[in-house]
Amino acid sequence: MKPDYHNQEEFQKRSQKVADIRSLGVSPYPHSSPDSPALETLQTRFANSESFSADDAAQSSSPLVSASGRLVLFRAMGKNAFAHIQDDTGKFQLMFNRELTKVTGLGEDEPITPLKFIEKKLDLGDIIYVEGHIFRTKKEELTIYVKTLTLLSKALLPLPDKYSGLQDKGVRYHKRWLDLIANPSSMESLKMRSKIVHSVRSFMHDREFLEVETPILQSVYGGAEASPFKTVLQAEHKEMYLRIALEISLKKLLVGGLPKIYEIGKTFRNEGIDRTHNPEFTMLEAYAAFWDYHQMMDFVEKLFQSVAKNVLGKTSISVDDGSGSPFELSFASPWKKMSMKESIQVYANIDFDALSDQEISEQLTKRSNLTKEEIEEALPKNRSNSRGPLMALVFEELVEKHLVQPHHITDHPVETTPFCKPHRSEQEQKEGLVERFESFILGTEIINAYSELNDPLLQRALLEEQQTSREEHHPIDEDFIEAMCQGMPPAGGVGIGIDRLVMLLTKAASIKDVLFFPL
């Protein structure tokens, strides 16, 4: 069955034009095209040049240039016609002339002139290549006086309306190609994503981290608390999972002797979709042998400063506080650092050690939207000690929203972090705290880092304990435990959400705005 757009009048008219174009000896889809500069490059090159007139261009006495792009505007004006073409860098004006403009492949004895061919057979959305001479109009707009036009691709569907644009977010996300054509801001955000990832890679390379690739398909998933996507390996009739984290495979490489490694890769979690979550997302995970979480804190601060400086030219961005008042969000080191318990004291005004579980739950009920039943439901089942999970819940509900400027929140409860080293302080260790930090910016967690656990016996005990609190049971990755038994060096590890980093630097409101193809 043919798709609905085949019944649209515009599609049928343009399809007929393809047949007409071919009958005139012009190829609507040639195999290649000569190279041409980006339109922005042309604008820059001639921004301060001599002002050549249309007569200069007609007589070929102004500079000869070439350009290619998508036709986005067309106006016929007697013996001339004006148009705009667009590429990923901007727009440029063209002028076609009845006597001097030719069309590649169109013979002189055809029943249609080149200008009429352009008027009648081309449409907005078509991709063309032109050669001609530069001049300025009376309004000083740089323009190419086109001597030769080559059709590169005939568009069979129309562009979004140029006045109302493409506003429907569902269409923009699902048909990203239309969004890129119609909305320059989307083009810039997604190009910025590429620059950010490139800058991250350059930073890692300069600090001698080796980029590696690890399996996406896994027989045992692990490294995070999340529900996996399942599939079947037909060759072995075996259930497999899409990875929920990069961690386990990377640690096996640490055991193998690679001292500094990282991966930027897709991870998959079969869970909710909201402003900051997409089931398929991109993570950076990095591990450095012989580091701990203190060194990793310093490292990520330098990483964020470097990336911001490279892509924005400065280490701060101006952000709207929601009431129309901008403020400067600074990535300059040092970032604020406090333990989770200290942050609860500072931002929630709760002395955690001075209150009982019941008193803390009462505070939560009064000051959050959670009911007593929801608080109980949020805490893990079969827990021997509720303090750690309760601390994490208070932090999430009452503190996170206050962490606007960059904050490192350290020393998390072990119940939330089974892959982390126990705290080196005996007192903190007795309280069940581990050497973990999360970094928050604009109230959103963007970095998660550990002094990595390398005790295989304790690792097994924590994973077994974790299993009892899970509704869905799944096997422990025995290969991972065996690798740890071979001897894993002490290490600092970090995970950074690339999508959230891009959101931050592009000021995007939703993760969907910085993914090329969001769900």
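The values are calculated or read from the model by the stated rules, or taken from the named source; none is laboratory data. Everything numeric in this text was worked out from a predicted model, so none of it was measured. FYI the Cβ positions are ideal-geometry reconstructions off the backbone, even for glycines, and counts take in every protein chain you see. When the accessible area is computed, the model is the full protein with side chains, heavy atoms only, and any ligands, DNA or RNA have been set aside. Shrake-Rupley method; radii C 1.70, N 1.55, O 1.52, S 1.80 Å.
Observations on the structure shown:
- With distances taken between every two different alpha-carbon atoms, segment 348-484 has a Kirkwood hydrodynamic radius of 16.3 Å.
- Counting only protein heavy atoms and a 1.4 Å probe, segment 65-217 has 50 square angstrom of accessible area per residue.
- Placing a pseudo-label 7 Å from each Cα along the Cα-to-Cβ vector at GLN486 and ALA38 gives an inter-label distance of 4.5 nm.
- The phi torsions of segment 72-83, fed into the Karplus equation with coefficients 6.51, -1.76 and 1.60 and a -60° offset, translate into couplings of 10, 7, 8, 9, 7, 9, x, 7, 10, 9, 10, 8 Hz, rounded to whole numbers, with Gly and Pro shown as x.
- Relative intensity of segment 98-145 on a log10 scale, I(q)/I(0) at q = 0.21 Å⁻¹, equals -0.89, per a Debye sum over C-alpha point scatterers of equal strength in the absence of solvent.
- Pairs of alpha carbons in segment 102-250 whose separation is greater than 28 Å (percent): 58 percent
- In this structure, the amide hydrogen of GLU435, modeled 1.01 Å from its nitrogen in the peptide plane, lies closer than 5 angstrom to those of LYS421, HIS423, SER451, counting only residues at least 5 positions away or on a different chain.
- Segment 276-363: relative contact order as a whole-number percent, Cα under 8 Å and 6+ apart: 16 percent
- Semi-axes of the equivalent ellipsoid for segment 24-148, Cα gyration tensor, largest first, Å: 22, 17, 13
- Taking amide H positions as modeled 1.01 Å from N, with prolines and chain starts lacking one, the residues under 5 Å from GLY69 and 5 or more places away or on another chain are ILE128.
- Taking a ≥ b ≥ c as the square roots of the eigenvalues of the Cα gyration tensor, an a/c ratio of 1.5 or more together with a/b no larger than b/c marks segment 196-278 as oblate.
- Whole-percent pair-distance distribution, where bins are 10 Å wide, for the alpha carbons of segment 275-356: 13, 24, 40, 20, 2
- Label zone at GLU225 (point 7 Å along Cα-to-Cβ), backbone N below 20 Å, segment 327-368: 339-344, 357-358, 360-362, 364-365, 368
- Along its first, second and third principal axes, ordered by size, segment 157-236 spans 52, 41, 26 Å in Cα coordinates.
- Using distinct alpha-carbon pairs, which all enter the 1/r mean, Kirkwood radius of segment 144-190 in Å: 12.5 Å
- All lysines inside 30 Å of LYS102 as judged from Cα atoms, apart from same-chain residues fewer than 8 positions distant: LYS13, LYS17, LYS79, LYS91, LYS116, LYS120, LYS121, LYS138, LYS139, LYS147, LYS154, LYS162
- Whole-Hz Karplus values for segment 144-158 come out as 9, 7, 6, 9, 9, 10, 10, 6, 9, 7, 7, 7, 9, 10, x Hz, taken residue by residue from phi with 6.51 cos²θ - 1.76 cosθ + 1.60 and θ = phi - 60°; glycine and proline positions read x.
- Measuring r between the beta carbons of ILE476 and SER153 and using R0 = 45 Å, the FRET efficiency lands at 0.25.
- Relative contact order (%) - the chain, alpha-carbon pairs under 8 angstrom, separation at least six: 12 percent
- Using every pair of distinct Cα positions in segment 54-104, the Kirkwood expression returns a hydrodynamic radius of 12.1 angstrom.
- Rolling a 1.4 angstrom probe over the chain with all protein chains present gives an accessible area of which 51% lies on carbon and sulfur atoms.
- Volume per residue of the C-alpha convex hull in segment 221-369, rounded to whole Å³: 225 Å³
- Listed values for segment 50-62 are Karplus-derived 3J(HN,Hα) couplings in whole Hz (6.51 cos²θ - 1.76 cosθ + 1.60, θ = phi - 60°), namely 4, 7, 7, 8, 4, 5, 4, 5, 4, 8, 6, 9, 10, and x replaces Gly and Pro.
- Estimated from the Cβ-Cβ distance and a Förster radius of 35 angstrom, the FRET efficiency linking GLU208 and SER316 is about 0.80.
- Across segment 270-322, the convex hull enclosing all Cα atoms gives 155 Å³ per residue.
- Computed log₁₀ I(q)/I(0) - Debye formula, equal Cα scatterers, no solvent, segment 1-50, q 0.15, 0.16, 0.18 Å⁻¹: -0.71, -0.73, -0.77
- Cα pair distances in the chain, grouped into 10 Å bins until the bin that holds the longest one, percent each: 3, 15, 21, 19, 15, 12, 9, 5, 1, 0
- Estimated 222 nm signal from helices in the chain, with DSSP H stretches of n ≥ 4 weighted -39500 (n - 2.57), rounded to 500: -10000 deg cm²/dmol
- Inter-label distance for ILE273 and GLN59, nm, one decimal - labels placed 7 Å from Cα along Cα-to-Cβ: 6.2 nm
- Taking all protein chains into account, the per residue accessible area for segment 282-357 stands at 46 Å² (1.4 Å probe).
- Kirkwood Rh and Cα Rg combined as Rg over Rh, evaluated for segment 281-421: 1.02
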